[in-house]
Amino acid sequence: MTSGRSIGLITVGLAATLIASTACTQPSEAPTAPAPTAAPDAAAKVQAFRDKHEVDYMRDWVSIAGLHFLEPGTHTVGRSVKNDIVLTANVPDTIGRLVVKGTSIRYEPAAGVPVTVKDAAVTGPVMLKEEGQPPGGEVLIGDVRLVAHISGDRLSLRVRDPNGPLAKDFRGFTWFPIDAQYRVTGTFIQDAEPRKMQVMNTFNDIDTYATEGVIEFTLQGQTLRLRPFTTRPKRFYIVFRDASAGQETYETARFLYADLQDDGTTVLDFNEAYNPPCSFNPYTTCPIPLKENILPVKVLAGERAYPIHVSLPTSTR
């Protein structure tokens, strides 16, 4: 029987060559002149985005209670320390086993364990991931959810527990006031050909993203560029860091989405920039910004730094 490997909550940082200093300092002084506020319709849009974001993150990311990397083979799972994969979530001592073969993950429930999939009770095997396919659905054991996760080329079991200590101790979301000067229109400069880029994440794994060009825009009197990833046609996902990182904002990165318009422009509303889940949860895998996405200006908009420092695990490769 091959033992699974579990990620512990250990206090270590990312390699210094990958991210800026994690030390937190006091925010810089506020400008003497009041900053312009956003127009009512734009402000309402930002507020609606923030409200939905908080609901989604509370459901999908705040509740993450564990990440367990999986080797090929069979692994017993449950709360008892006798299992190959020991869960800290509120589940029975033994909930069954995982069978990992190739890139597939099959969960086989233990007898008597109340397991549901899409609100239907199941007693037989459940595929968390089919061979050659992305992760599938989730299984529920009480309030605890089990899902497959891929980091680079590694398979893992992700555990969500809304009643776990990380969820209970979550410190919430803190945002900068909505400010119109951080809503800018950029021009998309298309590459000669779309391409795939390999991007390192916070577990030192390599994930692959599609990219098609760069966005050029002006902020604080400077002409700047960001390279977005394309998640679907005309939809941009931007991973960036700015000069406020490690001080007013999260030290590793922030995320922002934008849409490409038919005229080749795109609106970057940094009031909607938000922290990745790794800012508050050590069991999440987040991309490191490309070098070209490190801005030389402070972007004091969007989500502020999480109030406490959360150490990220090292890679277990």
TODO: Check whether at least one residue in region 42-62 is over 20 Å from THR285 (Cβ atoms), in contact with a Pro (Cβ under 6 Å, 6 or more places away or on another chain), of a type in the set (Gly, Ala, Ser) and crowded, with 16+ Cβ neighbours inside 10 Å, and report yes or no.
DONE: no
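Report yes if TYR283 is closer than 20 Å to ALA43 by Cβ, surrounded by 19 or more Cβ atoms within 10 Å (Cβ to Cβ) and touching a Leu at 6+ places or on another chain (Cβ under 9 Å), otherwise no.
no
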Open item on the list: Among the listed residues ARG254, ARG225, identify the single one that is in contact (Cβ under 8 Å) with a residue 40 or more places away in the chain, buried (at least 22 other Cβ atoms within 10 Å of the Cβ), of a type in the set (Lys, Arg) and assigned by TED's automatic domain parsing to the domain that holds GLU54.
Closed with: ARG254
- [ ] May I ask you to list the residues in region 89-125 that are closer than 14 Å to THR76 by Cα, of a type in the set (D, E, K, R) and within 29 Å of the chain's Cα centre (by Cα)?
- [x] ARG97, ARG106, GLU108
- [ ] May I ask you to verify whether ILE85 is without any contact (Cβ under 8 Å) to a residue 60 or more places away in the chain and farther than 20 Å from ASP207 by Cβ?
- [x] no
- [ ] Scan region 124-167 for residues that are buried (at least 17 other Cβ atoms within 10 Å of the Cβ) and among the polar types (S, T, N, Q) and jot them down.
- [x] SER151, SER156
Open item on the list: Condition (residue is over 21 Å from the mean Cα position of the chain (by Cα) and β-branched (Val, Ile, Thr)) applied to region 60-72: is it met by at least one residue?
Closed with: no
TODO: Filter the strands (runs of 3 or more DSSP E) completely within region 221-298 down to those with at least 1 residues that are of a type in the set (A, V, I, L, M, F, W, C) and more than 15 Å from the chain's Cα centre (by Cα).
DONE: 222-226, 235-240, 254-259, 265-269
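The values are calculated or read from the model by the stated rules, or taken from the named source; none is laboratory data. What you see is a predicted model, and the numbers here were worked out from it, not measured in a lab. Backbone-built Cβ (ideal geometry, glycine too); neighbour counts: all protein chains shown.
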